[in-house]
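Participant: The following block contains the structure, expressed as structure tokens.
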Amino acid sequence: METDIFSRLIAFIYSIDTPTNVAPSMHVLDAIAIHIALVRYEPFARRKLLPPISFIVMVLVSLSTMFIKQHALLDVLFSILLCALLYPLVYILLPKLIYRKEEGEIKNQLVTEEN
């Protein structure tokens, strides 16, 4: 075993982080979800350098999980697939449901105010 600080750190990570529940990689899932949320946030997206930097960080997090051998390519691919499945739910379906609920509450308020 190597004796430098980084090798010791990796050995420590391996000793406490067992290879269970690895697919999908939550590191990758979180990195993708945060990147998507940031680039959808208009003040962030208007800054020309921030979205590409966010993308680079997302890719580096994903790659680092494989380089450190915490996850395999399949774990990363499952994370990407899960994000692709969750995106329409979070950004299309839920906003519609929330809007309908708020619209119903507004209608109920109008009806009670009229009476």
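Participant: Restricting to the stretch 84-115, and then to whatever is of a type outside the set (A, V, I, L, M, F, W, C) and under 21 Å from Ala33 (Cα atoms), can you tell me which residue is modelled with the highest pLDDT?
Facilitator: Filtering the stretch 84-115 down to residues of a type outside the set (A, V, I, L, M, F, W, C) leaves 87-88, 91, 95-96, 99-105, 107-109, 112-115.
With the extra rule that they be under 21 Å from Ala33 (Cα atoms), the set shrinks to 87-88, 91, 95-96.
Working: Tyr87: 89, Pro88: 86, Tyr91: 84, Pro95: 80, Lys96: 80.
Applying the filter and picking the extreme gives Tyr87.
Participant: Answer yes if at least one residue in the stretch 20-37 is without any contact (Cβ under 8 Å) to a residue 24 or more places away in the chain and exposed (fewer than 11 other Cβ atoms within 10 Å of the Cβ), and no otherwise.
Facilitator: Checked the stretch 20-37: at least one residue is without any contact (Cβ under 8 Å) to a residue 24 or more places away in the chain and exposed (fewer than 11 other Cβ atoms within 10 Å of the Cβ).
Participant: In addition: Count, please, the residues in the stretch 38-74 that happen to be hydrophobic (A, V, I, L, M, F, W, C), over 16 Å from the mean Cα position of the chain (by Cα), surrounded by fewer than 15 Cβ atoms within 10 Å (Cβ to Cβ) and closer than 23 Å to Val90 by Cα. It would help to see each step written out before you state the result.
Facilitator: Pass one, the stretch 38-74, residues hydrophobic (A, V, I, L, M, F, W, C): 38-39, 44-45, 49-50, 53, 55-61, 63, 66-68, 72-74.
Those still in the list that are over 16 Å from the mean Cα position of the chain (by Cα) too: 44-45, 49-50, 66-68, 72-74.
Adding the requirement that they be surrounded by fewer than 15 Cβ atoms within 10 Å (Cβ to Cβ) leaves 44-45, 49, 67-68, 73-74.
Right, trim to closer than 23 Å to Val90 by Cα and you get 44-45.
Residues meeting the conditions: 2.
Participant: Condition test on Asp30, is it among the acidic types (Asp, Glu) and either closer than 27 Å to Val90 by Cα or at pLDDT 80 or above (or both)?
Facilitator: Numbers: among the acidic types (Asp, Glu): yes; either closer than 27 Å to Val90 by Cα or at pLDDT 80 or above (or both): yes.
Taking the combined requirement at face value, the residue satisfies it.
Participant: Among the listed residues Ala31, Ala23, Ala11, identify the single one that is in contact with a helix residue (DSSP H, G or I) (Cβ under 7 Å, 6 or more places away or on another chain), closer than 15 Å to Ile68 by Cβ and among the small types (Gly, Ala, Ser).
Facilitator: Working: Ala23 fails: closer than 15 Å to Ile68 by Cβ; Ala11 fails: in contact with a helix residue (DSSP H, G or I) (Cβ under 7 Å, 6 or more places away or on another chain).
Exactly one of Ala31, Ala23, Ala11 is in contact with a helix residue (DSSP H, G or I) (Cβ under 7 Å, 6 or more places away or on another chain), closer than 15 Å to Ile68 by Cβ and among the small types (Gly, Ala, Ser), namely Ala31.
Participant: Scan the stretch 76-83 and give yes if some residue there is touching a helix residue (DSSP H, G or I) at 6+ places or on another chain (Cβ under 9 Å), modelled with pLDDT under 85 and not small (Gly, Ala, Ser), otherwise no.
Facilitator: yes
Participant: Determine the pairs where a residue that is within 14 Å of Ile10 (Cα to Cα), located within the stretch 61-87, has a partner that is of a type in the set (Ser, Thr, Tyr) and surrounded by 14 or more Cβ atoms within 10 Å (Cβ to Cβ) with Cβ atoms under 7 Å apart, the partner being 6 or more residues away or on another chain.
Facilitator: Pairs that qualify, where the first residue is within 14 Å of Ile10 (Cα to Cα) and the partner is of a type in the set (Ser, Thr, Tyr) and surrounded by 14 or more Cβ atoms within 10 Å (Cβ to Cβ), are Thr65/Ser25; His71/Ser25; His71/Thr65.
Participant: In the stretch 1-60, how many are within 17 Å of Tyr87 (Cβ to Cβ) and not polar (S, T, N, Q)?
Facilitator: So the answer is 20.
Participant: Do you know which residues across the stretch 33-70 are hydroxyl-bearing (Ser, Thr, Tyr) and modelled with pLDDT of 90 or more? Step through it out loud before you land on a result.
Facilitator: So in the stretch 33-70, the residues hydroxyl-bearing (Ser, Thr, Tyr) come out as 41, 54, 62, 64-65.
Matches in the stretch 33-70: Tyr41, Ser54.
Participant: Another question about this same structure. In the stretch 75-99, which residue that is hydroxyl-bearing (Ser, Thr, Tyr) and out of contact with any Ser or Thr (no Cβ under 7 Å at 6 or more places or on another chain) is farthest from Val28 (Cα to Cα)?
Facilitator: Initial filter on the stretch 75-99 (hydroxyl-bearing (Ser, Thr, Tyr)): 79, 87, 91, 99.
Now restrict to residues that are out of contact with any Ser or Thr (no Cβ under 7 Å at 6 or more places or on another chain): 87, 91, 99.
Details: Tyr87: 15, Tyr91: 19, Tyr99: 30 Å.
Checking each candidate, the answer is Tyr99.
The values are calculated or read from the model by the stated rules, or taken from the named source; none is laboratory data. Computed from a predicted model, the values in this text were never measured in an experiment. Heads up, the Cβs are rebuilt from the backbone with ideal geometry, glycines too, and the neighbour counts pull from every protein chain shown.
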